[in-house]
Amino acid sequence: MYIDKIETRDLFLKKASMDDVYDMHVNIWSKDETAKHMLWQPTRNIEEAKIRMLKTIEYQKNNLAYLIYEKKTEKAIGFAGMNEIGYKVYKDCGIAIGPEYVGCGYGKQILKSLMDYCFKDLDANKIVCSCRRENKISKKLLLSCGLHYSHTLPKTDIRDGTDYLLDIYEISRVE
Ligand SMILES: CC(C)(COP(=O)(O)OP(=O)(O)OC[C@H]1O[C@@H](n2cnc3c(N)ncnc32)[C@H](O)[C@@H]1OP(=O)(O)O)[C@@H](O)C(=O)NCCC(=O)NCCS
């Protein structure tokens with residue numbers, strides 16, 4: 001249904017495999033500093049990571065969603081994907097890489113490759129991404145990839161009941 005693998009200069013976006021459970025646990029899923037920007041709970045041990053990996057593999061079968069692999073280490077370091085939320089409108093369902101790998105330009109490679117795939121192969125008309133108001137790096141990533149601010153949604157974090165602002169950014173095919 002969707003392409004199995006996307007290649008960028010330094011990365012592969014590929015479907016998850018049980019072989020990568022340890023790397024995903026160590027590099028990203030167990031990291032509080034990554035989870036805080038999103039809506040998941042960090043994994044506390046490898047058993048929890050195995051359960052998460054089974055769910056991830058199942059989810060990725062029919063969705064535009066991948067793990068991120070760094071070419072030079074061949075390790076799984078993150079995840080990313082998009083959902084079709086309306087006719088030819090795609091929205092990110094979370095892009096994240098482990099703390100040791102941030103700030104190397106990987107986020108831009110991931111988002112640009114997904115945008116490219118959506119616009120060119122899936123004939124998308126619009127791409128929408130969101131980030132919490134305080135997530136400055138994510139905001140820079142979205143602006144850097146050509147998206148522009150659209151609107152803000154008030155949200156409540158289901159993990160602890162705190163309120164936050166979710167800023168929505170978008171880019172249309174004609175831009
Ligand atoms: C958000 C995230 C995916 C960005 O990926 P990244 O590889 O770190 O970002 P890049 O290196 O591609 O840089 C993207 C932009 O952020 C800037 N940036 C990166 N790290 C930064 C830092 N520590 N401080 C300030 N700016 C920074 C870059 O300069 C670049 O902006 P520019 O093009 O204007 O120069 C990554 O940081 C991450 O996974 N964070 C944790 C999870 C998360 O917040 N996900 C997004 C919510 S959906």
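Of the candidates Ile3, Ile68, Ile46, the single residue that is within 26 Å of Asp157 (Cα to Cα), β-branched (Val, Ile, Thr) and surrounded by fewer than 18 Cβ atoms within 10 Å (Cβ to Cβ) is Ile46. Scoring Asn27 on the criteria (1) within 13 Å of the chain's Cα centre (by Cα); (2) touching a residue at least 60 places away in the same chain (Cβ under 8 Å); (3) crowded, with 17+ Cβ neighbours inside 10 Å leaves a single failure, condition (1).
Of the residues making up region 110-150, those that are small (Gly, Ala, Ser), outside any strand (DSSP E or B) and more than 21 Å from Leu67 (Cβ to Cβ) number 3. Of all the listed residues (Glu84, Glu74), the sole one being closer than 17 Å to Asp20 by Cβ, modelled with pLDDT of 95 or more and surrounded by fewer than 17 Cβ atoms within 10 Å (Cβ to Cβ) is Glu74. State all residues of region 78-88 that are of a type in the set (Phe, Trp, Tyr) and within 12 Å of the ligand (Cβ to nearest atom); if no residue qualifies, say none. Phe79 - this is the single residue of region 78-88 that is of a type in the set (Phe, Trp, Tyr) and within 12 Å of the ligand (Cβ to nearest atom). In this entry, Leu153 is excluded by the filter for residues that are of a type outside the set (Phe, Trp, Tyr), touching a strand residue (DSSP E or B) at 6+ places or on another chain (Cβ under 7 Å), modelled with pLDDT of 95 or more and not in a strand (DSSP E or B). Pairs meeting the criteria (first residue in region 105-124 and within 13 Å of Asp92 (Cα to Cα), second residue among the hydroxyl-bearing types (Ser, Thr, Tyr) and within 12 Å of the ligand (Cβ to nearest atom), beta carbons under 6 Å, at least 6 apart or on different chains) are Ser113/Thr8.
Test each condition in (1) touching a residue at least 60 places away in the same chain (Cβ under 8 Å); (2) within 14 Å of the ligand (Cβ to nearest atom); (3) not acidic (Asp, Glu) for Ile158 and report the one that comes out false. The number of the failed condition is (2). The numbered conditions (1) touching a helix residue (DSSP H, G or I) at 6+ places or on another chain (Cβ under 9 Å); (2) crowded, with 18+ Cβ neighbours inside 10 Å are all true for Asn125 except (2). Of all the numbered requirements in (1) away from the ligand (no atom under 11 Å from the Cβ); (2) closer than 22 Å to Gln41 by Cα; (3) of a type outside the set (Phe, Trp, Tyr); (4) surrounded by 13 or more Cβ atoms within 10 Å (Cβ to Cβ), Ser150 misses one, and that requirement is (2).
Here is a yes/no grid of residues against (1) surrounded by 18 or more Cβ atoms within 10 Å (Cβ to Cβ); (2) farther than 24 Å from Ile28 by Cα; (3) near the ligand (Cβ under 6 Å from one of its atoms); (4) of a type in the set (Lys, Arg):
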| residue | (1), (2), (3), (4) |
| --- | --- |
| Tyr90 | yes, yes, no, no |
| Pro99 | no, no, no, no |
| Lys108 | no, no, yes, yes |
| Leu114 | yes, no, no, no |
| Asp121 | no, yes, no, no |
| Cys129 | yes, no, no, no |
| Leu141 | yes, no, yes, no |
| Gly146 | no, yes, no, no |
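The residues of region 166-175 that are more than 19 Å from the chain's Cα centre (by Cα) and either part of a strand (DSSP E or B) or touching a residue at least 60 places away in the same chain (Cβ under 8 Å) (or both) amount to a single one, Ser172.
The values are calculated or read from the model by the stated rules, or taken from the named source; none is laboratory data. Keep in mind the model is a prediction, meaning the values are calculated, not measured. Glycine also receives a Cβ, built like all others from the backbone with ideal geometry; neighbour counts cover every protein chain displayed.
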